[in-house]
1. Go through the range 365-415 and report how many residues are within 19 Å of THR298 (Cβ to Cβ), of a type in the set (A, V, I, L, M) and not in a loop (DSSP other than H, G, I, E, B).
2. Does ARG41 count as of a type in the set (Lys, Arg), at negative phi and either within 16 Å of the ligand (Cβ to nearest atom) or modelled with pLDDT of 95 or more (or both)?
3. Only one of THR408, THR345 is more than 23 Å from the chain's Cα centre (by Cα), open to solvent by 70 Å² or more (accessible area, probe 1.4 Å) and at pLDDT 95 or above. Can you tell me which?
4. From (1) under 24 Å from the mean Cα position of the chain (by Cα); (2) among the aliphatic types (A, V, I, L, M); (3) within 30 Å of PRO262 (Cβ to Cβ); (4) away from the ligand (no atom under 11 Å from the Cβ), pick out the condition that doesn't hold for LEU54.
5. Within the range 3-25, track down each residue that is free of Cβ contacts under 8 Å to residues at least 60 places away in the same chain, closer than 14 Å to GLU115 by Cβ and more than 9 Å from the ligand (Cβ to nearest atom).
6. Does ARG299 satisfy the condition of being touching a Gly at 6+ places or on another chain (Cβ under 7 Å) and not small (Gly, Ala, Ser)?
7. Pull up the range 90-108, narrow it to residues that are more than 9 Å from the ligand (Cβ to nearest atom) and open to solvent by less than 40 Å² (accessible area, probe 1.4 Å), then point me to the one that is farthest from VAL65 (Cα to Cα).
8. Being within 14 Å of the ligand (Cβ to nearest atom), open to solvent by 10 Å² or more (accessible area, probe 1.4 Å) and either part of a loop (DSSP other than H, G, I, E, B) or modelled with pLDDT of 95 or more (or both) is the filter here, so list the residues in the range 74-89 that pass it.
Amino acid sequence: MKIGVVGLGYVGVPLAVAFCEAGHSVIGVDADRARVDALARGESHVEDIPDARLREVLPRFQPTVRYAELSRAEAVIIAVPTPLTPNREPDLGPLTASATALATVLQRGQLVVLESTTYPGYTRERLVPLLEESGLAAGSDFNVAFSPERVDPGRTDYTLRTTPKVVGGLTPECRERAVAMYRAVCDEVVPVSTPDAAELTKLLENIFRSVNIALVNEIAIMCDRMGIDVWEVVDAASTKPYGFMRFEPGPGMGGHCLPVDPFYLSWRAREFDVQTEFIELAGEVNARMPHFCVEKITRALNEHTKPVRGSRIAVLGVSYKSGISDLREAPALKIIRLLTEQGGTIAYHDDFVPELSEFGLTSEPFDDVLDHCDVAVIVTVHPGLDVDKLLERAPLVVDFRGATAGSTAANLVRL
Ligand SMILES: NC(=O)c1ccc[n+]([C@@H]2O[C@H](COP(=O)([O-])OP(=O)(O)OC[C@H]3O[C@@H](n4cnc5c(N)ncnc54)[C@H](O)[C@@H]3O)[C@@H](O)[C@H]2O)c1
């Protein structure tokens, strides 16, 4: 097969590489010329795809900025961003731009599959009319399906191949074509009756996580008042062999998905006079966590008779999760901003993030960042974090990730 992939990011690049590794060829289109040029040189910006793996498939992978190349593909997968506007409503700009451009080169007989996370109804109501600007009719002249992406950057136990892939087609034929295509790269494909069902499946999965994280975050705030160790409680509850699923508290949600996707559903639900109070409450609780963390740092410094103003605060780990460089919606950024506003002096260490240009900061070596700090704050635990050294070197440690669970060091404060 010759497959087109539009949007060469965290989703598009692994997908393109997977199809190439399965022996197919891929035309990858991205609006960012620098990104396209780097990929063509064999330089990957996605941690899950090391340069060597990308280079292996380059003979079959053609990154380009030209949509016209897609006219030669049998199927085109769209994986462009679906962010929010400043007032937290779906920003459909990238989706509209990519579908409009694709319509100008769409060919009879092609299959178009949307993978970008979106609200139920988008594929049928918005994507199809945009593609039909081509003069071709969806369902008869070309096929359309929605298949949500389940990639979890940095994860190695479940891959694209071993994670079941949900597919909903506009017609039964659309679904069958999409199922057949994904069978080339996924061991299990799960057909559902409509694109809407597939769209909502993705949102349910992410909202399930958001709600459960909010619940355990609320318990963490309560434990703080009650003087109970939330990590001990989570560990103990996790010993129940059924009816409980482990979620961990933390400094707040980050990434492209969890802080963003629930708003796509609550926005859509309003059109149907449905208030998604539960979903919105979870978002609010999680959004409050960076503020709670700053309060906790302030209290810890106060115990050491220090104000935030003038204190040197070392932040350990700034990307939104372990083992990757993604800074989107990272709670560390909010924490740094709030502490800076209060007059704190920030330094940070993160092997995955060499600079934080918005704060004019560069990552300092682990030892240096601990030198002369008044407090070290664990926001994200990357592999290899030396917790013992940290507790030994820093006069005060505040841990929002449970990295120090079990330790009773006198200079330690834990969420
Ligand atoms: N990152 C994840 O872990 C993840 C997981 C599941 C689902 N998703 C969803 O997948 C979609 C893509 O996310 P991502 O993390 O890969 O985003 P990304 O920002 O990493 O990559 C998107 C790419 O699309 C390109 N692009 C933007 N507009 C374009 C256009 N009009 N034409 C061509 N290219 C364009 C950008 O330059 C960028 O390279 C989103 O809807 C996201 O919600 C992401």
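1. Result for the range 365-415: 8.
2. On the way: of a type in the set (Lys, Arg): yes; at negative phi: yes; either within 16 Å of the ligand (Cβ to nearest atom) or modelled with pLDDT of 95 or more (or both): yes.
Yes: the conditions hold for ARG41.
3. Values: THR408 fails: at pLDDT 95 or above.
Result of the check over THR408, THR345: THR345.
4. Among (1) under 24 Å from the mean Cα position of the chain (by Cα); (2) among the aliphatic types (A, V, I, L, M); (3) within 30 Å of PRO262 (Cβ to Cβ); (4) away from the ligand (no atom under 11 Å from the Cβ), LEU54 violates only (3).
5. Residue satisfying the conditions is ALA16 alone.
6. Working: touching a Gly at 6+ places or on another chain (Cβ under 7 Å): no; not small (Gly, Ala, Ser): yes.
For ARG299, the condition - touching a Gly at 6+ places or on another chain (Cβ under 7 Å) and not small (Gly, Ala, Ser) - is not met.
7. As a first pass, look at the range 90-108 and keep what is more than 9 Å from the ligand (Cβ to nearest atom): 90-92, 103-108.
If we keep only those that are open to solvent by less than 40 Å² (accessible area, probe 1.4 Å) too, we end up with 90, 92, 103, 105-106.
On the way: PRO90: 25, LEU92: 20, ALA103: 16, VAL105: 14, LEU106: 16 Å.
Out of the qualifying residues, it is PRO90.
8. Going through the range 74-89, the residues within 14 Å of the ligand (Cβ to nearest atom) turn out to be 76-84.
Checking which are open to solvent by 10 Å² or more (accessible area, probe 1.4 Å) leaves us with 79-81, 83-84.
Scanning the range 74-89 gives ALA79, VAL80, PRO81, PRO83.
The values are calculated or read from the model by the stated rules, or taken from the named source; none is laboratory data. Only a predicted model underlies this, so the values are computations on that prediction, with no experimental measurement involved. Glycine gets a Cβ as well: all are built from the backbone with ideal geometry, and neighbour counts include every protein chain shown. Each accessible area value is taken on the protein alone, full model and side chains, heavy atoms only, with ligands, DNA and RNA left out. Shrake-Rupley method; radii C 1.70, N 1.55, O 1.52, S 1.80 Å.
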